[in-house]
Amino acid sequence: MKILVTGGTGYIGSHTCVALIEDNYEVLILDNLSNSSQRVLNRLKTITGKPVDFEKADIRDRAALDRTFSRFKPDAVIHFAGLKAVGESVSVPLRYYDNNVTGTITLLAAMAAAGVGTMVFSSSATVYGDPPSNPIREDFPIGPTNPYGRTKLIIEQILSDCHAADIISHITLLRYFNPVGAHPSGLIGEHPSGIPNNLTPYIARVAAGRLEELPVFGDDYDTRDGTGVRDYIHVMDLAAGHLKALETARGLSVYNLGTGTGYSVLEMIRAFEKASGNPVSYRICPRRPGDIAECYADPSRAEKELGWKAVLGIDDMTRDAWRWQSANPEGYQGEKHQYE
Ligand code: NAD
Ligand code: UFG
């Protein structure tokens with residue numbers, strides 16, 4: 001099968017491409033490189049032993065999409081491309097609606113024109129907003145609390161309408177919880193530019209001595225140690241979930257991809273200290289606006305219907321995140337490669 005992967009040079013996309021290629025799928029990555037490096041392609045080749053077809057293009061560029069569909073003739077699309085910074089989405093909402101929503105509409109129109117009837121979409125646990133209880137099931141109330149989350153919800157609704165109108169026959173919405181970790185080779189991983197917004201890249205940089213101390217956003221939540229609890233999931237488990245979603249795609253479905261276990265910020269700090277052998281200094285700070293106390297998945301629907309279950313634990317996540325961080329302190333910077 002041939003899979004067009006939008007956003008495939010990004011963090012989750014690149015790991016999913018490894019899993020796809022290793023499972024003998026033929027892959028074409030389409031990415032505008034707005035938040036990723038072309039150097040990823042070289043790393044993918046090193047890991048898999050195969051070159052990866054790449055198109056530098058924006059999902060809002062219909063002509064580029066049409067050219068790519070007619071050249072590659074994919075059987076399915078995995079759609080990762082999107083902007084994802086919650087705080088930024090509050091300051092520049094139109095950029096988020098344009099990139100994520102308009103981009104997806106353009107992509108869907110190009111898929112329909114090319115007769116491609118299967119899509120797996122990167123949604124997010126953020127669509128649940130502040131859940132009434134945990135663990136969160138797929139039928140829980142939906143109510144994102146920021147523009148980024150609303151782009152995900154709007155796209156889910158557009159996809160559902162496209163399915164109902166039989167424009168795209170098979171659509172799987174994957175609601176990721178908190179992806180962390182890296183490929184065990186240490187060759188690909190997550191390298192946010194500037195000061196990281198998310199917890200684990202921040203902790204990794206403190207453990208590496210590149211940032212002084214971690215701000216812990218609140219220790220007065222109603223959780224076991226007062227700090228926020230999240231369902232961290234290894235990015236390789238997440239990648240495996242996409243393969244199961246492709247194999248089983250039939251009609252419209254929605255799945256939580258999480259482990260079902262929540263860890264607090266202080267527990268993540270301790271796990272990183274153990275993995276790195278380095279101390280992680282932190283300071284308790286005020287709560288971050290918009291944060292919730294606790295969020296973890298009920299992943300049982302994915303287990304039952306996709307035959308997928310997360311198998312990697314917190315020690316695997318922190319070990320692999322640390323291996324990537326130590327081997328690539330500047331991310332993909334500083335490496336020359338054949339595509340430049
Ligand atoms: P990422 O930023 O590393 O990857 C996204 C990729 O999409 C980047 O390579 C970027 O260059 C590309 N892109 C963005 N806009 C584009 C456009 N208009 N045209 C073409 N390419 C474009 O992010 P990620 O963490 O790998 O996330 C992948 C997807 O998963 C996103 O849709 C994100 O919203 C979703 N998601 C991520 C998380 C998370 O915590 N990382 C959680 C839930 C959902
Ligand atoms: N945290 C800190 N200090 C930091 C960063 C985070 O204490 O410097 C805390 C947060 O308060 C929260 C936890 O660590 O309790 C996790 O925060 P992240 O920013 O890593 O992740 P979020 O759960 O806020 O959100 C992430 C993505 C969203 C995605 C969501 C899915 O940023 O895009 O996971 O569950 F939708």
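The values are calculated or read from the model by the stated rules, or taken from the named source; none is laboratory data. Worth saying up front: this structure is predicted, and the values here are computed from it rather than measured. Every residue, glycine as well, gets a Cβ built from its backbone with ideal geometry; the counts of neighbours run over all protein chains shown. Accessible surface areas use protein heavy atoms only, side chains included; no ligands, DNA or RNA. Shrake-Rupley method; radii C 1.70, N 1.55, O 1.52, S 1.80 Å.
Looking across Thr126, Thr172, one residue alone is modelled with pLDDT of 95 or more, polar (S, T, N, Q) and open to solvent by less than 10 Å² (accessible area, probe 1.4 Å). It is Thr172.
The residue that is farthest from the chain's Cα centre (by Cα), counting only those in region 164-196 that are β-branched (Val, Ile, Thr) and away from ligand 2 (no atom under 12 Å from the Cβ), is Ile167. Looking across region 156-172, the residues that are out of contact with any strand residue (DSSP E or B) (no Cβ under 7 Å at 6 or more places or on another chain) and among the acidic types (Asp, Glu) come down to Asp161, Asp166. Can you pull out every residue in region 73-105 that is open to solvent by 20 Å² or more (accessible area, probe 1.4 Å), part of a helix (DSSP H, G or I), closer than 17 Å to Gly7 by Cα and not aliphatic (A, V, I, L, M)? Selection gives Arg95, Tyr97, Asp98, Thr102. When the strands (runs of 3 or more DSSP E) confined to region 1-72 are screened for residues that are within 12 Å of ligand 1 (Cβ to nearest atom) and surrounded by 20 or more Cβ atoms within 10 Å (Cβ to Cβ), those reaching at least 3 such residues are found at 2-6, 26-31. If you go through region 108-145 and pick out every residue that is closer than 25 Å to Gly260 by Cβ and either acidic (Asp, Glu) or in a loop (DSSP other than H, G, I, E, B) (or both), you end up with 16. Answer yes if at least one residue in region 282-301 is open to solvent by 40 Å² or more (accessible area, probe 1.4 Å) and farther than 27 Å from Thr145 by Cα, and no otherwise. Yes, region 282-301 contains a residue that is open to solvent by 40 Å² or more (accessible area, probe 1.4 Å) and farther than 27 Å from Thr145 by Cα.
Okay, residues lined up against (1) modelled with pLDDT under 95; (2) hydrophobic (A, V, I, L, M, F, W, C); (3) within 16 Å of ligand 1 (Cβ to nearest atom):
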| position | (1), (2), (3) |
| --- | --- |
| Arg150 | no, no, yes |
| His163 | no, no, no |
| Ile167 | no, yes, no |
| Gly181 | no, no, yes |
| Pro192 | yes, no, yes |
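With the condition kept exactly as written, say whether any residue in region 236-254 is out of contact with any Lys or Arg (no Cβ under 6 Å at 6 or more places or on another chain), within 11 Å of ligand 2 (Cβ to nearest atom) and within 22 Å of Cys295 (Cα to Cα). Scanning region 236-254 turns up no residue that is out of contact with any Lys or Arg (no Cβ under 6 Å at 6 or more places or on another chain), within 11 Å of ligand 2 (Cβ to nearest atom) and within 22 Å of Cys295 (Cα to Cα). Scanning region 261-281 for residues that are under 27 Å from Arg137 (Cβ atoms), open to solvent by less than 50 Å² (accessible area, probe 1.4 Å) and of a type in the set (S, T, N, Q) returns a single hit, Ser264. Within region 117-131, residues that are within 11 Å of Ala245 (Cβ to Cβ) have Cβ atoms under 6 Å from residues that are not hydrophobic (A, V, I, L, M, F, W, C) in these pairs: Thr118/His170; Met119/His79; Val120/Thr172; Val120/His242; Phe121/His79, counting only partners at least 6 apart in sequence or on another chain. Residue pairs whose Cβ atoms lie under 7 Å apart, sitting 6 or more positions apart in sequence or on different chains, and linking a residue in region 1-24 that is without any contact (Cβ under 8 Å) to a residue 60 or more places away in the chain to a partner that is of a type in the set (Gly, Ala, Ser) and not in a strand (DSSP E or B), are Thr9/Ser36; Thr9/Ser37; Cys17/Gly8.
Take the conditions surrounded by fewer than 15 Cβ atoms within 10 Å (Cβ to Cβ), modelled with pLDDT of 95 or more and in a strand (DSSP E or B) and apply them to Arg224. Does it pass? No; evaluated as a whole, the condition is false for this residue.
Taken over region 197-219, residues that are more than 21 Å from Thr126 (Cβ to Cβ), assigned to a loop (DSSP other than H, G, I, E, B) and within 12 Å of ligand 2 (Cβ to nearest atom) amount to 3. Looking across Thr104, Thr68, Thr126, one residue alone is under 20 Å from Tyr148 (Cα atoms) and away from ligand 2 (no atom under 16 Å from the Cβ). It is Thr104.
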